[in-house]
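**Q** Next up is a structure, given as structure tokens.
Derivation of every value follows stated rules applied to the coordinates shown; laboratory data play no part. Note that the structure is predicted; figures quoted are calculated from it, not measured. Reconstructed Cβ throughout: ideal geometry from the backbone, glycine too, with neighbour counts over all protein chains shown.
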Amino acid sequence: MKKLRDILSSNNIQKFTFSRLLTYFIIYSVWGYFAEILFGLVKTGTIQSRQGFIYGPFCPIYGLGGVVMIVALQYFKKNNYTLFAGGILVGSIVEYLVSWFGEKFLNVTWWDYSSYPLNINGRICLLFSAIWGILAIYLVRSLNVSMDKIIAKLQNAIPLKILKSTLVIFCVFLAVKIRKSSKNLYFLSKEENP
């Protein structure tokens, strides 16, 4: 088995900057919000607010999942089989940890797969793990390649100072939203469990 140092120094592994990863997080959090609305519409026939714990058009599990998958799946890019398996593994780990964190620290349950076969503590199940595998192939082979092209065009068309300023403003906005949402969740949990 290759050592981690050899894997990370391989020409196959893409290098990422912090600002690029933050950009991915924002893009995929917003994309996830709309994907969740579409999923809810297909599942229930009605439009529902399916946002996470951050107010606004963000579903941070998609942002986190996207960033972790983009970085972690670099080693699995050899073929679609390894990418699928890596997507199942990485996606399931992220989904389990986010669910556990929400339940233990925020007193919220964002999803419950206990009615699905082959689930673990209702946090992950075989069906959605397989979906993570399929999403990994699409993300690495197509979607993120397109995102990188769009980001490159923006970097060429818009001065770097403006792009960085926009990213900083967005991060401040996101931090304020996270703080406000966390306070609201805290007070809500106090009302429910006096």
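**Q** Once you put a point 7 Å from the Cα of Thr17 and another 7 Å from the Cα of Lys104, both along the Cβ direction, what distance in nm separates them?
**A** About 3.5 nm, to one decimal.
**Q** Moving on. What is the sum of charges, Lys and Arg at +1 and Asp and Glu at -1, for the other residues whose Cβ falls under 14 Å from the Cβ of Ser19?
**A** Result for the local shell: +3.
**Q** I would also like to ask the following. Going 7 Å from the Cα of Ala35 in the Cα-to-Cβ direction, what parts of region 82-105 have a backbone nitrogen less than 20 Å from that spot?
**A** Zone members listed by number: 82-102.
**Q** What is the extension gain from Leu126 to Ala157, computed as 0.36 nm multiplied by their sequence separation minus the C-alpha to C-alpha distance, in nm to one decimal?
**A** Details: separation 31, 0.36 × 31 = 11.16 nm, distance 4.35 nm.
Length gained, Leu126 through Ala157: 6.8 nm.
**Q** Using 0.36 nm per residue, how much length does the chain from Lys78 to Thr44 gain when fully extended, once their Cα-Cα distance is taken away? All intermediate terms of the calculation are to be shown ahead of the outcome.
**A** On the way: separation 34, 0.36 × 34 = 12.24 nm, distance 3.82 nm.
Extra length available between Lys78 and Thr44 comes to 8.4 nm.
**Q** Can you work out the FRET efficiency for the pair Trp111 and Val71, with r the C-beta to C-beta distance and R0 = 30 Å, to the nearest 0.05?
**A** Numbers: r = 24 Å, r/R0 = 0.79.
Working from the Cβ atoms, E equals 0.80.
**Q** Please compute the net charge surrounding Ile70, taking Lys and Arg as +1 and Asp and Glu as -1 over other residues with Cβ under 13 Å from its Cβ. Display every interim value, and only then the final one.
**A** Details: positive: Lys15, Arg20, Lys77, Arg141; negative: Asp148.
Every neighbour counted, the sum reads +3.
**Q** On to the next question. In Å and on Cα atoms, what radius of gyration and Dmax does region 71-184 show?
**A** According to the Cα coordinates of region 71-184, Rg and Dmax are 18.0, 51 Å.
**Q** Right, something else. Highest mean first, what order results for 140-147, 18-25, 68-75 on Cβ atoms within 10 Å? Walk me through the intermediate numbers first.
**A** Numbers: 140-147: 14.8, 18-25: 17.0, 68-75: 19.4.
Top of the packing list down: 68-75, 18-25, 140-147.
**Q** Just subtract the alpha-carbon distance of Lys149 and Lys164 from 0.36 nm times their residue separation and send over the number in nm, one decimal. Show your work: numbers first, answer last.
**A** Details: separation 15, 0.36 × 15 = 5.40 nm, distance 1.78 nm.
Separation in residues times 0.36 nm, less the Cα-Cα distance, equals 3.6 nm.
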